[in-house]
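The values are calculated or read from the model by the stated rules, or taken from the named source; none is laboratory data. Keep in mind it's a predicted model, so treat the numbers as computed, not measured. Don't worry about glycine lacking a Cβ; one is built from the backbone with ideal geometry, like all the others, and counts go over all protein chains shown. All accessible areas refer to the heavy atoms of the entire protein, side chains included, with ligands and DNA or RNA removed. Shrake-Rupley method; radii C 1.70, N 1.55, O 1.52, S 1.80 Å.
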Amino acid sequence: MKFNTILNILLVGLVAYYLYSNFYTGGYEKLDQASAYEQLQSDNSIQLVDVREPSEFSTGYIAGAQLIPLGTIETDFEATIPDKDAKIFVYCRSGNRSAQAAKKLVDLGYTNVFDIGGILDWEYGTVNS
């Protein structure tokens, strides 16, 4: 094989990997926090869910959030938010658990799920209990 052909194959592979790893979310959408904040201000029907642990939640959370820790999504979520078409925003500390939670919610049949990342990046104020 010619060097240019190998280089082109590698380039296409890298681009495909980048697109897959950054944009494939498994059925939910990633939403930037500015858009999330704007929507939360204008739409009271949005279900805002914090998937951190209770000890983390008690140190501060986004106003209006309800706590459903990641480890209890499969057992507790449907009782708390039974509407599978509800608009749901999930967040955690840094964005890792929110992505896992969003995927689990899609697997449970929820159709309108948005991962808004981590509270560490939230610039719009928090509530302390």
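Quick notes on this one:
- DSSP-defined beta bridges in the range 46-129 - what % are antiparallel, rounded to 5: 10
- Magnitude of the charge dipole for the chain, about its Cα centre and with charges confined to Cβ atoms of Lys, Arg (+1) and Asp, Glu (-1), is about 540 debye.
- Whole-percent carbon and sulfur share, accessible surface of the chain, 1.4 Å: 55
- Counting only DSSP H runs of at least 4 residues, each contributing -39500 (n - 2.57), and dividing by the residue count of the chain, the helix-based mean residue ellipticity at 222 nm comes to -13000 deg cm²/dmol.
- Accessible area, probe 1.4 Å, largest first, for residues LEU105, LEU120, LEU31: LEU120, LEU31, LEU105
- Excluding ligands, DNA and RNA, the accessible surface per residue across the chain is 60 Å² with a 1.4 Å probe.
- Rounded if a/c under 1.5, otherwise prolate or oblate - the chain, Cα gyration tensor axes: prolate
- Listed by chain and number, the lysines whose C-alpha is less than 30 Å from the C-alpha of LYS104, apart from same-chain residues fewer than 8 away, are LYS30, LYS84, LYS87.
- Local electrostatic count, LYS87, Cβ distance below 12 Å [Lys/Arg +1, Asp/Glu -1]: -3
- Under-5 Å amide H pairs with LEU48, H placed in peptide plane, nonlocal only: GLN66, PHE89
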